[in-house]
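Undergrad: One structure follows; several queries about it will come next.
Every read-out reported here was derived from the displayed coordinates using simple, explicitly stated rules and does not represent laboratory data. None of these values were measured; they are calculated from a predicted model. Glycine gets a Cβ as well: all are built from the backbone with ideal geometry, and neighbour counts include every protein chain shown.
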Amino acid sequence: MKYADLDFSQNQIVIVRVNPIDPTEQQFEDYIKDLTKAVKEMKMVY
């Protein structure tokens, strides 16, 4: 199970759904990496 799911279905809005788990260090790092990549690639992201 992933710590968080990123939903890009809304224009310029990233919806973050955090799962009710205590993430491992790797799960949290993957979440930060995915979120950082999304913010860098999108303009005017909320």
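Undergrad: Could you calculate the contour length gain from Ile21 to Glu41, that is, 0.36 nm times the residue separation minus the distance between their Cα atoms, to one decimal place in nm?
TA: On the way: separation 20, 0.36 × 20 = 7.20 nm, distance 2.79 nm.
The Ile21-Glu41 span can extend by a further 4.4 nm.
Undergrad: Given an 8 Å cut-off on Cα distances and at least 6 residues of separation, report the relative contact order of the chain as a percent.
TA: On the way: 41 pairs, mean separation 18.6, N = 46.
The value is 40 percent.
Undergrad: Let me ask something additional. Could you state the angle between the C-alpha long axis of helix 25-41 and the longest principal axis of the C-alpha atoms of the chain, as a value from 0 to 90 degrees rounded to the nearest 10?
TA: Helix 25-41 sits at roughly 0 degrees to that axis.
Undergrad: Is there a quick way to get the dipole size of the chain? I mean about its Cα centre, with the Cβ of Lys and Arg at +1 and of Asp and Glu at -1; what is the value in debye to the nearest 20? Please report the intermediate quantities before stating the final value.
TA: Working: 6 positive and 8 negative charges, 52 e Å.
For the chain, the charge dipole is close to 240 debye.
Undergrad: Can you tell me how the chain classifies by the Cα gyration tensor, rounded, prolate or oblate, using a/c under 1.5 as the rounded cut? Working shown, then result.
TA: On the way: a/c = 3.55, a/b = 1.75, b/c = 2.03.
It comes out oblate by the Cα gyration axes.
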